[in-house]
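> Right, I'll just put the structure down here and ask away after.
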Amino acid sequence: TSTHFPTPPTADLRRLLDAELSLRSRLGYVALLLASAAMTAVIMSLWLTEPTLPTRTAVAFAVLTLIGLSWIVFSGWVLSRRRPLFGRDGLVAGRMAVTFTSAFVVGTLAVGYSSGGAAPYAAFAMGLVLLGVAVAALVRARHNVARLTTRREALERELVTQMRRRS
């Protein structure tokens, strides 16, 4: 009988745990941080320097500021982790995107209803498209986490099997 064992699954696990967030992902999250910070700064400066804004506009600026701050916190959270998040970042981002896009869709519908103009309904239609993209991203993130969970469970089973063979 052969005493050669295949590479233990613990090596795969260690490689996964020792890996850092890929450069591509890190650059994407840096871009998200910079874009959300710039957007938030512009919106806040407009909001704070225009004291006579209509209430509806001030509320929209407040909501957009909260959304921008949320993306800043999210990207900071991801970048502060020096390890892969194994799909958790995708789930959080997907949930945020669905939530914020849903708020946009509801807001445009409310503005369209209250003002009767055609422009809010065009924005509503665009919002529905964006909501579809956000839902697709969330579904993809859930599938990715399920795939990673299945892989982890398979590695754990393989590790237990190899440990039993050795003892």
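The values are calculated or read from the model by the stated rules, or taken from the named source; none is laboratory data. Note that this is a predicted model, so its numbers are computed, not measured. Cβ sites come from the backbone with ideal geometry, for glycine too, and all protein chains shown count toward neighbours. We work out accessible area using only protein heavy atoms, side chains counted, and drop any ligands, DNA or RNA first. Shrake-Rupley method; radii C 1.70, N 1.55, O 1.52, S 1.80 Å.
> Give the angle, between 0 and 90 degrees and rounded to the nearest 10, that separates the Cα long axis of helix 9-18 from the longest principal axis of the Cα atoms of the chain.
Helix 9-18 sits at roughly 40 degrees to that axis.
> Give the accessible surface of the chain per residue, rounded to a whole number of Å², with probe radius 1.4 Å and ligands, DNA and RNA excluded. Let's see the in-between values first.
Numbers: 11210 Å² over 167 residues.
In whole numbers, the chain has 67 Å² accessible per residue.
> Let me ask another. Equivalent ellipsoid semi-axes for region 23-106, as square roots of 5 times the alpha carbon gyration tensor eigenvalues: give them largest first, rounded to whole Å.
Values: eigenvalues 158, 45, 12 Å².
Calculated on Cα positions only, the semi-axes equal 28, 15, 8 Å.
> Would you please name the trypsin sites (Lys or Arg not before Pro) within region 67-167 that are DSSP coil residues with at most 15 other C-beta atoms within 10 Å of their C-beta?
Working: sites: Arg81, Arg82, Arg88, Arg95, Arg140, Arg142, Arg147, Arg151, Arg152, Arg157, Arg164, Arg165, Arg166; in loops: Arg81, Arg82.
Within region 67-167, the qualifying trypsin sites (Lys or Arg not before Pro) (loop, at most 15 other Cβ atoms within 10 Å) are Arg81, Arg82.
> Computed on alpha carbon atoms, what radius of gyration and Dmax characterise the chain, expressed in Å?
22.9, 85
> 7 Å from Cα along Cα→Cβ at both Arg142 and Leu79: what's the point-to-point distance in nm?
A separation of 3.1 nm, rounded to one decimal place.
> Could you compute the FRET efficiency for Ala37 and Glu156, with r as their C-beta to C-beta distance and R0 at 41 Å, rounded to 0.05?
Working: r = 40 Å, r/R0 = 0.98.
Efficiency computed from Cβ-Cβ geometry: 0.55.
> Apply the Karplus parameterisation 6.51 cos²θ - 1.76 cosθ + 1.60, with θ equal to phi minus 60°, to every residue of region 49-65 and state each ³J(HN,Hα) to the nearest whole Hz, in sequence, with x for glycine and proline.
For region 49-65, the Karplus-derived couplings read 9, 10, x, 9, 5, x, 4, 4, 5, 4, 5, 4, 5, 5, 5, 4, 5 Hz, x marking Gly and Pro.
> Separate question: With θ set to phi - 60°, apply the Karplus curve 6.51 cos²θ - 1.76 cosθ + 1.60 along region 34-44 and write out the HN-Hα couplings as whole Hz, x wherever there is a Gly or Pro.
Ordered by residue, 3J(HN,Hα) equals 5, 5, 5, 5, 5, 4, 5, 5, 5, 5, 5 Hz.
> For the chain, give the magnitude of the charge dipole about the Cα centre (Cβ charges: +1 Lys/Arg, -1 Asp/Glu; no others), in debye to the nearest 20.
On the way: 19 positive and 8 negative charges, 177 e Å.
The calculation lands at about 840 debye.
> Based on the Cα gyration tensor of region 114-167, what are the three equivalent ellipsoid semi-axes, each the root of five times an eigenvalue, rounded to whole Å and given largest first? Each step should come with its number before you reach the end.
Values: eigenvalues 530, 8, 3 Å².
Listed largest to smallest, the semi-axes of region 114-167 are 52, 6, 4 Å.
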